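First the structure, in the form of structure tokens, and then the observations on it.
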Amino acid sequence: MLEVEDLTMRYGELVALESVTLDARPGEIVAVLGPSGAGKSTLLRLITGLTRPSSGSISLSGRPIQKEASWRRNIALVHESYVLYPHMSVTENMAFPLKSREAPREYSDQEITERISEVAKVLEIDLLLERQPHELSGGQRQRVALGRALVREPAVLLLDEPISHLDAKLRNWLRGELRRRLSAAPWPTLWATPDGFEALAVADRVAVLRAGQILQFDEPQEIFDRPVGVGVAEVSGTPPMNVLPGELIADPLGVKVAGAPEPLPLVRPTQIDSLPAGEVSIGVRPFALRIVRPGDAGSSTPASVLACEYSGRHTVISVRLEHETLRLLEAGQHNIPVNEPVLIAWDGAEVSIFSREASCAGALEFQTTVGSNEHRAAPSSEQPVQTG
């Protein structure tokens, strides 16, 4: 089991990581999700021993390792830059960790050949085993680097954006194949990625990292359904949650949004008696927004179309609402002209309310999830509070 507690990394006055705490169990995939510069690669380098932390502890099966040399830790790291030995063939690159003196045990030539052959077939590089790195494409090099880690028996496997350079078809297939293999492995895996969809798809738990701090560490469904703040909401889901400023009205429950002619109603959650009125940030998932015709029942607000992106079963429609850009999902194909005026309505049961001050700082924020799984599973028995 890997345990990281209060890990901090400073470079002079720059704080790259601050009090990061997480754990990963054998057979568990923990996704470290965050934008570029969040500290994902720094965290992996600290765990593998390439960099020493300023403070905090790293333990494997209860044994502190933060002061151990990297070669003693038996941790496999797949770099984003897919570092390969240029003078070795693909086979020699993949066999290197099994023949190294730091290998956890001695492997026979037959065992090495079998391991390489099995992993190479999974990664679709079995026809490239005799090539040199300079004869490979970027995606092929990345798969060789990934294969070199998978043939090992590491204490921990660290993946730094392991499939980012692959084409879409291979990336989608390999994502599921890696999850299947790593979930059955006797070691924990940390998978760093900036892709919210990838993190939710592969992980058993997700640690959302932003500006060196973990904002939320939870199961994928909790990350998606109940983000603790704007920093989490903006990176989870594809497309991610729309976040816009507004004013919460407590009675009757609703929100004022710039550009909307009247307050938009919310469904009052049964678990909350009252909500503090005032300026807030409002989070709405794209599937909770829809385009309606004039005269349709319910509140709506005018907007103008910016773009339509057809993805097969759905179309992602970007619209301009006053000074904010929103994205919504509509089933089927839609080709609405740019700058076409439309009316936007939302599902009042699928809204998250964040405190404005905390969300601006990007730290952990107060949040009330107005929506819930109950509203998605069946029509709600509650009626939207009608505004006057």
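Is there a quick way to get the dipole size of the chain? I mean about its Cα centre, with the Cβ of Lys and Arg at +1 and of Asp and Glu at -1; what is the value in debye to the nearest 20? Let's see the in-between values first.
Working: 38 positive and 50 negative charges, 198 e Å.
With only Lys, Arg, Asp and Glu charged at Cβ, the dipole is about 960 debye.
In nm, to one decimal, how far is the residue 309 label point from the residue 92 one, both placed 7 Å along Cα→Cβ?
A separation of 4.4 nm, rounded to one decimal place.
Report in % the part of the accessible area of region 2-231 that belongs to carbon and sulfur, leaving out ligands and nucleic acids; probe 1.4 Å. Don't skip to the end; give the middle numbers.
Working: 4880 of 10410 Å².
Carbon plus sulfur share of accessible area: 47 percent.
If 224, 287 are ordered by their accessible area, calculated over protein heavy atoms with a 1.4 Å probe, which sequence runs from highest to lowest?
Order by accessible area, largest first: 287, 224.
Only Cα pairs under 8 Å and at least 6 apart count here; give the relative contact order of the chain as a rounded whole percent.
Working: 832 pairs, mean separation 60.0, N = 388.
Result for the chain is 15 percent.
If the viscosity is 1.567 mPa s and the temperature 4 °C, what translational diffusion coefficient in µm²/s does Stokes-Einstein give for region 49-99 when Rh comes from Kirkwood over Cα pairs? If you can, show how the numbers build up before the last one.
On the way: Rh = 13.2 Å.
In µm²/s, the coefficient is 98.
Could you work out how much longer the chain between residue 219 and residue 247 gets when fully extended? Use 0.36 nm per residue separation minus the Cα distance between them, nm to one decimal.
7.0 nm
Please compute the per residue accessible area over the chain with all protein chains in place, 1.4 Å probe, rounded to a whole number of Å². Mind dumping the intermediate values first?
Working: 18520 Å² over 388 residues.
With all protein chains present, the chain gives 48 Å² per residue.
What is the P(r) of the chain, as percent of Cα-Cα pairs per 20 Å bin from 0?
25, 47, 24, 3
If I model a spin label as a point 7 Å beyond the Cα along the Cα-Cβ vector, how far apart are those points for residue 320 and residue 339 in nm?
0.9
Using Cα pairs closer than 8 Å and at least 6 residues apart in sequence, work out the relative contact order for region 2-231, in percent. Kindly include the intermediate steps, with their values, before the conclusion.
Numbers: 439 pairs, mean separation 70.7, N = 230.
Dividing the mean separation by the residue count of region 2-231 yields 31 percent.
Residue 54 versus residue 172, label points 7 Å from Cα toward the beta carbon: distance in nm?
Reported label-point gap for residue 54 and residue 172 is 4.4 nm.
When you take every Cα atom in region 157-260, what is the radius of gyration, and what is Dmax, the widest Cα pair distance, in Å?
17.2, 54
With viscosity set to 1.567 mPa s and temperature to 4 °C, compute the Stokes-Einstein D of region 1-146, Rh being the Kirkwood radius across alpha carbon pairs; µm²/s, no decimals. Don't skip to the end; give the middle numbers.
Numbers: Rh = 17.2 Å.
It diffuses with D of about 75 µm²/s by this estimate.
How much solvent-accessible surface does residue 48 expose, in Å² to the nearest 10, with a 1.4 Å probe and all protein chains in place?
Counting only protein heavy atoms, residue 48 exposes about 10 Å² to solvent.
Among the listed pairs 67/121; 121/169; 99/121, which have their C-alpha atoms separated by more than 27 angstrom in this model?
Correct reply: 67/121.
Place +1 on the Cβ of every Lys and Arg and -1 on the Cβ of every Asp and Glu in the chain, take the dipole about the Cα centre, and give the residue among 33, 227, 49 whose Cα lies farthest towards its positive end.
49
The values are calculated or read from the model by the stated rules, or taken from the named source; none is laboratory data. All values reported here derive from a predicted model rather than from experimental measurement. Methodologically, a virtual Cβ is constructed for each residue, glycine included, from the backbone with ideal geometry; neighbour enumeration extends over all protein chains shown. Ligands, DNA and RNA are excluded from the accessible area calculation, which covers all protein heavy atoms including side chains. Shrake-Rupley method; radii C 1.70, N 1.55, O 1.52, S 1.80 Å.
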